[in-house]
Amino acid sequence: MPSTTPNTNEAPNTNKEGRVTLEIKAPSFPESIADGTVSAWHKQPGEAAKRDEVLAEIETDKVVLEIVAPADGSLQQIVKAVGDTVLSEEVIGLFAEGAAAAKPSADKPAPSAVAAKPAEREASSVSPAARKLAAEQGVALGQLDGTGKDGRVTKEDVLRAAAQKPARAPAPAVAPSAPPIALEPSNERAERRVPMTRLRASIARRLVEAQHNAAMLTTFNEVDMLAVTTLRNRHRDEFEKRHNGIRLGFMSFFVRASVEALKRFPLVNASIDETDIVYHGYYDIGVAVGTDRGLVVPVIRDADALGLAQIEEQIRVYGQKARDSKLTIEDMSGGTFTISNGGVFGSLMSTPILNAPQTAILGMHKIQERPVVVDGQIVIRPMMYLALSYDHRLIDGQEAVRFLVTIKELLEDPARILLDL
């Protein structure tokens with residue numbers, strides 16, 4: 001997830017120990033984001049932190065932003081707790097620069113790693129996977145005896161404690177970033193209620209708005225992937241060697257084919273702004289990526305000016321950033337057309353939903369060998385169903401069908417893309 005260095009331009013204060021106190025602020029949100037929610041604090045007051053170490057996370061409707069330490073020192077005060085709403089550049093905490101966290105007083109012996117209590121257990125005594133799972137299951141870390149090295153709490157320790165919990169567990173202090181893990185089998189009819197993350201709530205809202213505000217229809221076709229598959233298999237190793245390890249996938253062919261089709265059907269690359277039609281003279285292609293937090297759509301900008309290797313590299317970078325929750329707001333802003341690949345999950349056919357304010361989205365699906373008739377003969381070919389959902393307010397049915405047929409023709413004869421045919 002993107003890291004944000006706190007804004008500390010104001011004149012620093014000095015506390016009674018002579019340490020410089022800095023305000024930790026939320027980042028400056030773009031106009032499209034009104035506010036955010038504090039989703040986690042990775043440090044507690046008094047805990048030491050090194051420069052650029054993550055202090056907190058703020059979740060917005062689009063991304064999760066990491067707030068990092070501005071210098072070596074320690075967190076002094078939490079102003080905005082987990083779950084609190086924060087505005088752009090609002091103070092969320094105070095940071096003491098230039099000294100380590102305060103040491104325990106003489107009359108309070110330092111807790112051991114094994115016997116640590118909830119508020120005393122340091123991050124180093126809990127594995128990251130265990131901390132995340134504990135937040136999802138509502139397990140108090142301080143009640144666990146770590147079985148790992150030096151008393152470290154492991155994921156297995158959390159799972160064991162979760163299995164022994166009563167059916168109704170208290171709500172977790174941190175909103176989960178992944179779907180709830182299945183409850184352990186038992187004779188009781190257990191339930192667990194957790195709040196939606198802001199990203200999941202935003203996805204839900206946008207999908208409903210897309211269905212309510214657009215006259216959405218879907219047209220289907222199928223494409224014979226033999227030519228692309230043969231071309232890819234023939235040149236895959238040489239391509240990877242020539243382009244420094246970049247692998248040749250199928251998505252780059254679909255991006256290039258979509259761009260060529262969009263040039264021929266400008267309405268599919270346009271959007272509606274109240275009573276105006278906005279024609280876009282550029283081709284920014286969104287590629288839907290599934291993550292633990294939900295579906296995100298990073299954008300490949302000026303895709304018409306990119307070769308297959310450049311497109312594949314951007315897809316690879318975006319995929320890694322999505323898995324690491326490091327996509328930025330800029331990565332996902334804009335876009336004139338979107339491609340969604342449900343085939344990677346095994347989907348044979350589906351109806352993609354529009355990514356507003358765009359007026360069309362292409363759905364790719366699983367490549368499956370099927371018998372088809374070619375030149376009067378029944379042959380086995382690698383076939384893929386394609387789906388194009390479109391806004392009928394702007395795009396007529398015949399234009400949507402012709403657009404999808406154009407993509408089919410370009411993919412079945414990839415040389416047409418290179419020869420501009």
Residues satisfying the stated conditions in the range 391-415, i.e. in contact with a Ser or Thr (Cβ under 8 Å, 6 or more places away or on another chain) and open to solvent by less than 30 Å² (accessible area, probe 1.4 Å): 391, 394, 395, 397, 400, 404, 407
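Here is a yes/no grid of residues against (1) free of Cβ contacts under 8 Å to residues at least 60 places away in the same chain; (2) over 16 Å from residue 309 (Cα atoms):
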| residue | (1), (2) |
| --- | --- |
| 219 | no, yes |
| 250 | no, no |
| 265 | no, yes |
| 276 | yes, yes |
Residue satisfying condition, being within 20 Å of residue 264 (Cβ to Cβ), open to solvent by 40 Å² or more (accessible area, probe 1.4 Å) and either free of Cβ contacts under 8 Å to residues at least 60 places away in the same chain or not in a helix (DSSP H, G or I) (or both), within set 418, 388, 362: 418
From the options 238, 260, 274, residue that is more than 27 Å from the chain's Cα centre (by Cα) and closer than 30 Å to residue 201 by Cβ: 274
Residue list for the range 319-359, filter: hydrophobic (A, V, I, L, M, F, W, C) and part of a helix (DSSP H, G or I): 322, 329, 332, 344, 345
Residues of the range 240-261 satisfying the condition of being in a helix (DSSP H, G or I) and over 28 Å from residue 403 (Cβ atoms): 240, 241, 242
Positions within the range 231-257 being open to solvent by 50 Å² or more (accessible area, probe 1.4 Å) and of a type in the set (A, V, I, L, M), in sequence order: 231
Test: residue in the range 264-280 that is modelled with pLDDT of 90 or more, more than 20 Å from residue 391 (Cα to Cα) and outside any loop (DSSP other than H, G, I, E, B): no
Wholly enclosed strands (runs of 3 or more DSSP E) of the range 36-152 bearing at least 1 residues open to solvent by 50 Å² or more (accessible area, probe 1.4 Å) and either among the aliphatic types (A, V, I, L, M) or modelled with pLDDT of 75 or more (or both): 73-78, 91-97
Total residues in the range 280-318, condition out of contact with any Asp or Glu (no Cβ under 8 Å at 6 or more places or on another chain) and of a type in the set (D, E, K, R): 6
Of all residues making up the range 207-230, the number that are assigned to a helix (DSSP H, G or I) and either surrounded by 15 or more Cβ atoms within 10 Å (Cβ to Cβ) or polar (S, T, N, Q) (or both): 9
Residues satisfying the stated conditions in the range 188-204, i.e. within 24 Å of residue 37 (Cβ to Cβ) and surrounded by 12 or more Cβ atoms within 10 Å (Cβ to Cβ): 192, 194, 195, 196, 197, 198, 199, 200, 201, 202, 203, 204
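The values are calculated or read from the model by the stated rules, or taken from the named source; none is laboratory data. Keep in mind that this is a model prediction, so the values were computed, not measured. Ideal geometry is used to build each Cβ from the backbone, glycine not excepted, and the neighbour counts take in all protein chains shown. When the accessible area is computed, the model is the full protein with side chains, heavy atoms only, and any ligands, DNA or RNA have been set aside. Shrake-Rupley method; radii C 1.70, N 1.55, O 1.52, S 1.80 Å.
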